[in-house]
Amino acid sequence: MEKIRVELGERSYDITIGNKILSRLEREAGRTLLVTDSTVKKLYAREIASALGTEHVFSFPAGESSKRPETSLDICRTAARLNFDRKCRFAAAGGGVTGDLTGFAAAIYMRGIEFIQIPTTLLAAVDSSVGGKTGADIPEGKNLIGAFHQPSAVVIDTAFLATLPPAELKNGLAEIVKTAVILDGQLFEQLERDPESLFQKPDFEKTYPQIIRRCCELKGMIVSEDECEKGRRAILNYGHTFGHAVELLSDYTLPHGQAVAAGMAAAGELAVMLGVWSKECVRRQKALLNMLELPVKIPGKYNTCDLVAAMRRDKKNLNGRTRVVLCSDIGCAQLPVEADEKDLTEAWERIR
Ligand code: NAD
Ligand code: GLY
């Protein structure tokens, strides 16, 4: 079992990573509402509730279509009906959808209570459970409602990964590739060297724990530097401005990881067009995404004008100008830059 500390002054917390570590979860004196989706409820709710010492479970239908503010309100209303006070906490056990919704509910219930993250998808383990971004989608755009609210602990039990369908493993791999492209050239080389142990024959004993630890370390470092995304944290959104546009146009039916992969492919093309990234870097990124069977083309028959229009809704935009994160090398991202709509259209066209 290993611990990584996210340093945020009085809001600091530990990320604990290990195999079959749930039984070592600390039981709090206050009461806990376990929040989970319908799939994870069937698989793990009993085990997790017993580890947390609670009998209160709230569940919602699995999938991004549940990531609406109303679901977070339902969590709060359930807590209110149970007479939860400010000393009670929520525990999010599931993927990024569960974590984002539960964190948002914790941010607004009685103006803020504690919550813990127990990620059960790879994507949540390497990315969404860390950093305190919480929220929900609205028809107008992805993640447009939300709050920064840090968890008080993140407990990553790699035993959960064994039941993940391959498609969900791939969604997590997209965020791992993102982390490597923006921050860690060595991690990128490791992924290039041994894609088999990630996907064809996933090694949950060694490879995954090591990669999860590295991704959490890197994300924790960025979050400690810039908790509320006033600057450098924006690099974690590499591929996301493009990706969120496809997610929106797909009516949130396209999985986030797939959208991010296509978004990175488009961002790579834009960086080459603007002369900030070499053709060799974009080739390597595309080859790795291909090896992991992630999309490097627009996933769907979307019109490029509609995609560019959807990008105008991104939270990073300022004064009506679309801003995107680009890389200058493998392992080195730049702060967001403004992009012309003509260039954005061309970048999309290049991956059509
Ligand atoms: P998800 O939460 O919908 O989980 C994917 C699917 O896997 C669901 O059907 C779920 O029921 C199932 N599942 C979960 N654990 C399982 C297990 N152990 N075995 C079998 N099935 C399991 O989606 P996700 O990919 O985890 O997360 C995507 C969401 O995360 C998006 O909404 C995205 O915006 C958000 N996100 C947030 C952040 C952040 O910083 N807050 C970062 C990245 C992504
Ligand atoms: N996933 C982007 C962030 O946490 O900042």
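The values are calculated or read from the model by the stated rules, or taken from the named source; none is laboratory data. Given the structure is predicted, the values throughout are model-derived calculations rather than measurements. Cβ placement follows ideal geometry from the backbone for every residue including glycine, while neighbour counts extend to all protein chains displayed. Accessible surface is based on the protein model in full, side chains and every heavy atom, while ligands, DNA and RNA are left aside. Shrake-Rupley method; radii C 1.70, N 1.55, O 1.52, S 1.80 Å.
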Average accessible area per residue (Å²) across the range 1-139 - probe 1.4 Å, nucleic acids and ligands excluded:
45
Hey, can you rank 153-163, 2-12 by average C-beta count inside 10 Å, highest first?
153-163, 2-12
Rounded to the nearest 10 Å², the accessible area of S197 at probe 1.4 Å
10
Explain nothing, just compute: Karplus ³J(HN,Hα) = 6.51 cos²θ - 1.76 cosθ + 1.60, θ = phi - 60°, for every residue of the range 4-15 in order, whole Hz, x for Gly and Pro.
10, 9, 9, 7, 9, x, 6, 9, 5, 8, 9, 9
Tell me whether the range 197-240 comes out rounded, prolate or oblate; compute the Cα gyration tensor, take square roots of the eigenvalues as a ≥ b ≥ c, and use a/c under 1.5 as the rounded threshold.
oblate
With +1 at each Lys and Arg Cβ and -1 at each Asp and Glu Cβ, the charge dipole magnitude of the chain around its Cα centre, to the nearest 20 debye, comes out at 460
Any chance you could give the angle, 0 to 90 degrees and rounded to 10, that helix 256-273 forms with the longest Cα principal axis of the chain?
30
Place +1 on the Cβ of every Lys and Arg and -1 on the Cβ of every Asp and Glu in the chain, take the dipole about the Cα centre, and give the residue among T121, L218, H244 whose Cα lies farthest towards its positive end.
T121
Percentage relative contact order, the chain, counting C-alpha pairs under 8 Å, at least six apart:
15
Note to self: with every protein chain in place and a 1.4 Å probe, the range 260-351 gives an accessible area per residue in Å² of 45
About the Cα centre, and with charges only on the beta carbon of Lys, Arg (+1) and Asp, Glu (-1), how big is the dipole of the range 1-148? Nearest 20 debye, please.
340
Along the range 327-343, Karplus-curve 3J(HN,Hα) (6.51, -1.76, 1.60; θ = phi - 60°) to the nearest Hz, with x for Gly and Pro, reads 10, 9, 7, 6, x, 8, 9, 9, 5, x, 10, 6, 10, 6, 5, 5, 5
For the chain, modelled as a GNM with alpha-carbon contacts under 10 angstrom, which of A339, A259, A234 fluctuates the most?
A339
With respect to the cross-link table entries K206/K315; K142/K219; K219/K286, which display a Cα-Cα separation exceeding 27 Å?
K206/K315
Roll a 1.4 angstrom probe over the protein heavy atoms and tell me the percent of accessible area of the chain that is carbon or sulfur.
48
Cβ-based net charge around A62, under 10 Å, with every Lys or Arg adding one and every Asp or Glu removing one
0
Amide hydrogen neighbours beyond the local backbone of L8, cut-off 5 Å, H modeled
Y13
Nearest 10, in degrees from 0 to 90: the angle of helix 240-249 to the longest Cα principal axis of the chain is 80
Cα centre as origin, Lys/Arg/Asp/Glu Cβ charges: the range 188-278 dipole, Debye:
160
Looks like the range 134-175, by Cα gyration tensor root eigenvalues a ≥ b ≥ c and the a/c under 1.5 rounded cutoff (else prolate when a/b is bigger than b/c, oblate otherwise), is oblate
Residue (of G96, P69, A167) at the positive-pole extreme of the chain, dipole from beta-carbon charges:
P69
